[in-house]
1. Could you run the Karplus curve 6.51 cos²θ - 1.76 cosθ + 1.60 with θ = phi - 60° over the stretch 111-121 and give me ³J(HN,Hα) per residue in whole Hz, x for Gly and Pro?
2. Rounded, prolate or oblate: which one fits the stretch 119-177, using the alpha carbon gyration tensor with axes a ≥ b ≥ c (rounded when a/c is under 1.5, else prolate when a/b beats b/c, else oblate)?
3. Sort 88-96, 50-58 by the packing proxy (mean of other Cβ within 10 Å over each peptide's residues), most packed first.
4. Taking neighbour Cβ counts within 10 Å as the exposure measure, how do L47, L146 sort from fewest upward?
5. To make sure I understand, if each residue's beta carbon is the centre and we count other beta carbons within 10 Å, what order do H140, H69 fall in, fewest to most?
6. What are the residues whose amide H is under 5 Å from the amide H of R102, where those residues sit 5 or more places off or on another chain and H is modelled from the backbone?
7. With a/c under 1.5 counting as rounded, go ahead and sort the stretch 55-178 into rounded, prolate or oblate using the C-alpha gyration tensor (a ≥ b ≥ c being the square roots of the eigenvalues; past the cut-off, prolate if a/b is larger than b/c, else oblate).
8. Among T158, T76, what is the fewest-to-most ranking by other Cβ atoms within 10 Å?
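Bear in mind that the values in this text are calculations on the coordinates, not laboratory data. Remember, it's a predicted structure, so these values are computed and weren't measured experimentally. FYI the Cβ positions are ideal-geometry reconstructions off the backbone, even for glycines, and counts take in every protein chain you see.
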Amino acid sequence: MSKTSVLLAALASLSVAACGAPSDTEESASMGHGDMHHGEMSEMAELPPLADDGVMPVIDVQEAWMRPHPGGRDVTAAYFTLALSAGSVDRLLSARIDGAERVELHGHSMNDEGMMQMRAIGPQDVSAGETMVFAPGGHHLMVFGLATVVEGDTATGTLVFERAGEVEVSFQVSPLPPSMSADN
Ligand SMILES: [Cu+2]
């Protein structure tokens with residue numbers, strides 16, 4: 001099988017896995033990919049550039065963590081919160097995880113059948129005084145094709161901002177947010 005057909009087969013199985021009942025747990029919802037048909041490209045439309053106010057934003061990332069891979073899957077989710085410690089506004093454009101094939105910004109939305117589904121979302125703005133939250137049940141980084149990580153590992157990656165550029169982040173691999181873990 002070519003690499004492309006392997007990927008397509010993987011995506012097809014993910015789509016099947018996502019066709020669960022509405023009573024799916026939040027965990028399995030987070031892992032489902034029923035939205036892999038990219039039907040909402042309007043969300044991805046080019047945004048006008050942010051105004052340059054002369055102050056380079058400084059991104060303060062906290063609570064960066066990643067779920068251990070569920071058994072047999074090469075897809076997992078990563079989360080963080082961030083705020084600006086300088087500057088007025090910036091825009092998260094994309095993310096990378098070292099060793100992963102691909103990372104997508106994901107959100108949840110109601111589909112035509114009234115079920116919550118994940119889908120890729122476009123760039124996300126953050127203004128001074130706000131907190132950008134990527135957390136279970138909400139926005140998250142969907143991490144594809146990363147070698148299996150387990151609790152206690154650290155995954156390094158990069159958040160890419162329109163103005164601040166590349167921000168390196170260490171994601172603590174844990175089934176719970178770091179602030180809820182016993183050793184914190
Ligand atoms: Cu997702």
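1. For the stretch 111-121, the Karplus curve yields 8, 4, 8, x, 9, 6, 9, 8, 8, 5, 10 Hz.
2. Working: a/c = 1.75, a/b = 1.56, b/c = 1.12.
In terms of gyration-tensor shape, prolate.
3. On the way: 88-96: 18.7, 50-58: 12.8.
The most tightly packed comes first, giving 88-96, 50-58.
4. Numbers: L47 12, L146 21.
Ascending Cβ contact count within 10 Å gives the list L47, L146.
5. Numbers: H140 24, H69 19.
With the fewest neighbours first, H140, H69 line up as H69, H140.
6. For R102, the qualifying residues are F144.
7. Values: a/c = 1.87, a/b = 1.27, b/c = 1.48.
Note, shape of the stretch 55-178 comes out oblate.
8. Numbers: T158 16, T76 25.
In increasing order of surrounding Cβ atoms, one gets T158, T76.
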